[in-house]
Amino acid sequence: MRNKGVSNYTLELKQAPPRYFLKNHLENGNLKEVRLVNQNPTEKNIGFGKEERIFKVSNGSNSNHLKGILLQLFNNMELNEYSKIPFLDKGEFDEIAFVLGYNKSCKTFYIKNKEKIRSNIDVSSLIIYKDNEPTFESMIQISLELLKFAA
């Protein structure tokens, strides 16, 4: 880059979960909620930090349409950290997060910061306990099943 006249540049690599790990949720998951986030709210909200608008989604054909719109935004590689994300008639936002539920687990996806993807899986009912302590074997078995499910 210096040879091309750019003297001050940085390259930042961020790790996100592999796409195959997320595929089942993206393709088959049910949309649960949408969060619209503004990091620098309007002048009316100065001093209150970020502003979030949360929409709970009911199952139905509209949720599939809304999920399609979110997936298009999620797959958009042209967004950078300074881009605002337009969303329907709700305005433009710094970040949009959405929660997809699939097979008793929920994952939160972020349109811009894909490395922040989180998974919420409650395995407490699947663990076998002995003397009020979880058995190592049951934790291994659950971990292997989760890995198999993800692949």
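Exceedance of the 30 Å cut-off in Cα-Cα distance is limited, within the set Lys23/Lys90; Lys56/Lys130; Lys84/Lys148; Lys32/Lys130; Lys67/Lys104, to Lys56/Lys130; Lys84/Lys148; Lys32/Lys130. Using the Cβ-Cβ distance between Ile54 and Leu146 with R0 set to 30 Å, the FRET efficiency works out to roughly 0.65. At an R0 of 22 angstrom, the distance between the Cβ atoms of Ser63 and Glu115 translates into a FRET efficiency of 0.25.
A short reminder: the numbers here are calculations on the coordinates, not readings from a lab. Bear in mind that the values here come from a model prediction, so they are computed numbers and not experimental data. FYI the Cβ positions are ideal-geometry reconstructions off the backbone, even for glycines, and counts take in every protein chain you see.
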